[in-house]
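*Asks:* Dropping the structure in here first, questions after.
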Amino acid sequence: MSDAAEAVMLDLVGLFPGFGPVLAEHLEDNFDEMLPHLAMSDFVRWLVEQYYLNPAVCESAWAWLEESFDEGPQDVRNLIAVSAVEMIPDPGDPGSGMRDMLGPSLREMDDWLQ
């Protein structure tokens, strides 16, 4: 995976420090190797928890991911589409309301992935 995809994950920790322990556990479980697609899936699971505790964190995260998707290289766009948008829980499942937080580009990607 590219340096840009890894940088996205590190940026997320800088923007959302509560995700730091989750990423640290990911690194520990993977022998200090960052696997961005798995880490992004971990981030979305963390966002599901935040959805009920602090929805503003989720709104901010999805806005940042939208901007990163729009401006990023193809591997970053793929990371966000496949391992973030696609990991939003199915309708009716806890956290599925995050779909309402998606901007136009990620909403279009979500529609395409369905």
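The values are calculated or read from the model by the stated rules, or taken from the named source; none is laboratory data. This is a predicted model, so every value here is computed, not measured. Don't worry about glycine lacking a Cβ; one is built from the backbone with ideal geometry, like all the others, and counts go over all protein chains shown. These area figures cover heavy atoms from the full protein model, side chains too; ligands, DNA and RNA do not enter into them. Shrake-Rupley method; radii C 1.70, N 1.55, O 1.52, S 1.80 Å.
*Asks:* So what J values fall out for the stretch 55-70 if you push phi through Karplus, 6.51 cos²θ - 1.76 cosθ + 1.60 with θ = phi - 60°, rounded to Hz, Gly and Pro as x?
*Replies:* Coupling constants for the stretch 55-70: x, 4, 4, 5, 4, 5, 5, 5, 5, 5, 5, 4, 5, 5, 5, 5 Hz.
*Asks:* Taking the solvent-accessible surface of protein heavy atoms with a 1.4 Å probe, what is the per residue accessible area of the chain in Å²?
*Replies:* Details: 6090 Å² over 114 residues.
Heavy-atom accessible area per residue stands at 53 Å².
*Asks:* Give me the dipole magnitude in Debye, nearest 20, for the chain about the Cα centre, with unit charges on the beta carbon: positive for Lys and Arg, negative for Asp and Glu. Working shown, then result.
*Replies:* On the way: 4 positive and 23 negative charges, 54 e Å.
Magnitude of the dipole: close to 260 debye.
*Asks:* Output the Kirkwood hydrodynamic radius of the chain, Cα pairs only, in Å rounded to one decimal.
*Replies:* 14.0
*Asks:* Work out how much length A63 to A4 would gain on full extension: take 0.36 nm times their residue separation and subtract the Cα-Cα distance, in nm to one decimal. Mind showing how you got there, number by number?
*Replies:* Numbers: separation 59, 0.36 × 59 = 21.24 nm, distance 1.84 nm.
Length gained, A63 through A4: 19.4 nm.
*Asks:* Measure off 7 Å from each Cα along the Cα-to-Cβ vector at H37 and D110, then give the distance between these two points in nanometres to one decimal.
*Replies:* Distance between label points: 2.2 nm.
*Asks:* Computing the accessible area with a 1.4 Å probe over protein heavy atoms, can you report the carbon and sulfur percentage for the chain? Mind showing how you got there, number by number?
*Replies:* On the way: 3220 of 6090 Å².
Answer for the chain: carbon and sulfur cover 53 percent of the accessible area.
*Asks:* With θ taken as phi - 60° and the coefficients 6.51, -1.76 and 1.60, list the Karplus ³J(HN,Hα) couplings across the stretch 26-32 in order, rounded to whole Hz; mark glycine and proline as x.
*Replies:* Rounded to whole hertz, the list is 4, 5, 4, 5, 10, 6, 6.
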